[in-house]
Each structure stands twice: as C-alpha cells, then as structure tokens.
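Step one of this worksheet: look at the structure below.
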Amino acid sequence: WQAIEKPTFTDITYHQAEGIAKITINRPHVRNAFRPETVRGMMAAFRHAHLDKDIGVIILTGAGELAFCSGGDQKVRGDSGYRDESGEEGLDVLELQRQIRTLPKPVVAMIAGYAIGGGHVLHLCCDLAIAADNARFGQTGPRVGSFDAGLGVGLLARMVGLRRAKEIWFLCRQYDARQAYEMGLVNTVVAVEDLEAETVAWCRDMLKLSPTALRCMKASFNADTDGVAGLQELAGNTTGLFYMTEEGQEGRNAYVEKRAPDFSSFPRRP
Ligand code: 2NE
C-alpha cells in the first residue's frame, strides 16, 4: 500500500491512497499522547477525509509500534484543562469523539502498542479495531485524576458488558490483545508486522461495498444509543435519498415552477 503524504499538520500526518485516508498521531516521544494542537489537527484531518469524495474509509493510528495513543498529554495539563502553545486551557477531544462517530464513512482503529486512557476511548469511537499482537488496552483516569464518563463509559459497556466495563474503569488494569479480542473490544489480532496490510485489506473489502449502505448502517448503529440526535443523523440520510427520487424532485419543481405539485403518479407502496 503506497500512500501519498499530505504534509499540512504539526502533530499528525495524513496519507491517502486507493480511497483510504490514514490519520496518524505523530508524537511517539510521549506514546502519541494528544495535546490541544493534536486534537485540532485530527479534527481538521477527519473533516478533510469526510469531505473528500475520493475517500471511502479512514484509518486512525499512532506513529511507531509502541503506542496507538496514550490519551491526554499530562505534561501540558494545567489546573483546569490541557494547555495549548498560547497557554490557553481546553481540549476538543469530546467533539473529536463525536466527529469520528458521526462522519458518514467507516473509521478503523489500527492499534500497535498502547491504547490507553483517552487513547483507549478514541479507539472505542472508531467503527472497527484491528490490533497488533503487542497491543495493550486500558483506562487510567481514576489513577491520574481524570475520567471520561461519556462515550468512554457508554460505548465500553455496550462492547464488553457492564461487569467488564466497570472492572476496566474501577481497577485501571491493562489487557493484552488476546484478552481484548475475547472481550469484543477489537475485531481481530494480527502480528505487528502484518498490521497495516491486514487493516488495508479490511478497508479494501469495505470499499467494494455500497457507500450509501455503509453510510446508513453507520448512522443506524448510532441511532439507538444517541436518541433524537441519532435519529436526526439517520433521518438526514433518508432525506438525502428522497431528494434523489422523482417524487422528491416533483415537490421542488412544482415550487420553482409556481404550480401545485402532482404526486399522483407516485405509488403508495405496501
Ligand atoms: C502508555 C504507557 C502505559 C506506556 O508505558 P511505557 O513504559 O512504554 O513508556 P513510558 O516510559 O511510561 O513513557 C514514555 C514517555 O512517554 C511519556 C512518558 O512520560 C515518557 O516520557 P519521559 O518520562 O521518558 O520523558 N508519556 C506517556 N504517556 C504520556 C501521557 N499520556 N502524557 C504525557 N507523557 C506521556 C505509560 O506511559 C502511561 O501509562 N502513560 C500515561 C497514560 C495516561 O494516564 N493517560 C492519560 C489518561 S486521562 C485522558 O487521557 C483523558 C481523559 O481521561 C479525559 C479527557 C481527555 C483525556
């Protein structure tokens, strides 16, 4: 897989090829911990991949083989949040989580090494997770004076069940790739040297499928957990499909042509 680099970010890299975008957290000296600039870069990159009609699937990963992501950078954590270069405290990571969850293309977490703390929550927000055999998973919040009681709890409990989710948050232990697979946290485990090839193979399989079907299925998986906001996301897709029908277009045409709409030729299907 020969990807082209688009070099516009400081803390991340963005590559693309064959309909696949790869967003890589590039701070290996801190096990790919994120700071405000990293989150801003990821959000811009996800937005770019979302809007790019050539992209069908997105991979999220971390640079090197030691970590996917180790969560918030504790060295820039101030007394009320994470500091950026200007000294301002604040992190848009919850918005990033929602963005990964709602953008209408599959997002695959490609995990070598640690997926820990807020990095673990990021992989939970992805649609699929491919783990290398050296991957390690866990939450650390209660140890370092933090927690993610939103998607970090809700998605985890849905994936592994309440007992396991409480264990993961209440004990802050680490779990290896095999344990993660057995809990339903990841889709498959492969040798670390095969990680990218396997992930790309999964992406290629998805790229052969109907983008509209995948888009609606992704929205549907969110709809039951996200209440009215989830229904809005799913319903937006049905409106988009309706616009593409002659029946939908008759309403617009009649308005523009200043006449009464004529829906008589459209069947009331059983
Ligand atoms: C990730 C882990 C288990 C890796 O351990 P190991 O032994 O492989 O590496 P080491 O030596 O701990 O780390 C290497 C370097 O990376 C830094 C370390 O401080 C070290 O730097 P030096 O001391 O050599 O200069 N590093 C690693 N993770 C970092 C981090 N998150 N922030 C800043 N520097 C980091 C081990 O390193 C570990 O447990 N890391 C901490 C994981 C953690 O607690 N993350 C924060 C959870 S809270 C969170 O993410 C969060 C939230 O709860 C809510 C909202 C937003 C974020």
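Tabulated data for the structure shown
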item: In the range 184-270, the chymotrypsin sites (Phe, Trp or Tyr not before Pro) that fall in loop regions by DSSP, at most 13 other Cβ within 10 Å; result: Phe263
item: Accessible carbon and sulfur surface of the range 1-86 relative to its total accessible area, %, 1.4 Å; result: 49
item: Per-selection Rg to Rh, the range 151-214 - Cα, Kirkwood hydrodynamic radius; result: 1.08
item: Accessible surface of the range 174-270, 1.4 Å probe, proportion on carbon and sulfur as whole %; result: 56
item: Antiparallel %, DSSP beta bridges [both residues in the range 28-181], to 5; result: 20
item: GNM flexibility winner over the chain from Leu171, Leu151, Leu241 (Cα, springs under 10 Å); result: Leu241
item: Nearest-ten-degree value, helix 93-102 long axis tilted from longest Cα axis of the chain; result: 40
item: Beta bridges by DSSP in the range 112-247, antiparallel share as percent, to the nearest 5; result: 25
item: P(r) histogram, all alpha-carbon pairs of the range 10-63 included - 5 Å bins from 0, percent; result: 5, 22, 31, 21, 13, 6, 1
item: Loop sites in the range 48-101: GluC sites (Glu not before Pro), DSSP, at most 15 other Cβ within 10 Å; result: Glu65, Glu85, Glu88
item: The range 180-246 shape via C-alpha gyration tensor axes, a/c threshold 1.5; result: oblate
item: Probe 1.4 Å, protein heavy atoms only - accessible area per residue of the range 70-136 in square angstrom; result: 38
item: Degrees between helix 195-207 axis and first principal axis of the chain (Cα, 0 to 90, nearest 10); result: 10
item: Residue among Arg164, Arg136, Arg31 with the largest mean-square fluctuation in a Gaussian network model of the chain, springs linking Cα atoms under 10 Å; result: Arg164
item: Once the Cα gyration tensor of the chain is diagonalised, semi-axes √(5λ) in Å; result: 37, 20, 20
item: Rg and Dmax [Cα atoms of the range 119-270; Å; Rg one decimal, Dmax integer]; result: 22.1, 67
item: Helix axis angle, 211-243 relative to the chain longest principal axis, alpha carbon, degrees; result: 50
item: Debye log10 I(q)/I(0) at q = 0.12, 0.19, 0.22, 0.27 Å⁻¹ for the range 71-145, Cα point scatterers; result: -0.39, -0.88, -1.05, -1.20
item: Out-of-range pairs (alpha-carbon distance over 26 Å; input Lys75/Lys218; Lys53/Lys258; Lys53/Lys218; Lys105/Lys166; Lys22/Lys166); result: Lys75/Lys218; Lys53/Lys258; Lys105/Lys166; Lys22/Lys166
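The values are calculated or read from the model by the stated rules, or taken from the named source; none is laboratory data. Not measured: the values here are computed from a predicted model. Here the Cβ is made from the backbone with ideal geometry for all residues, glycine too, and neighbour counts use every protein chain on show. Surface areas here come from the heavy atoms of the whole protein model, side chains and all, with no ligands, DNA or RNA. Shrake-Rupley method; radii C 1.70, N 1.55, O 1.52, S 1.80 Å.
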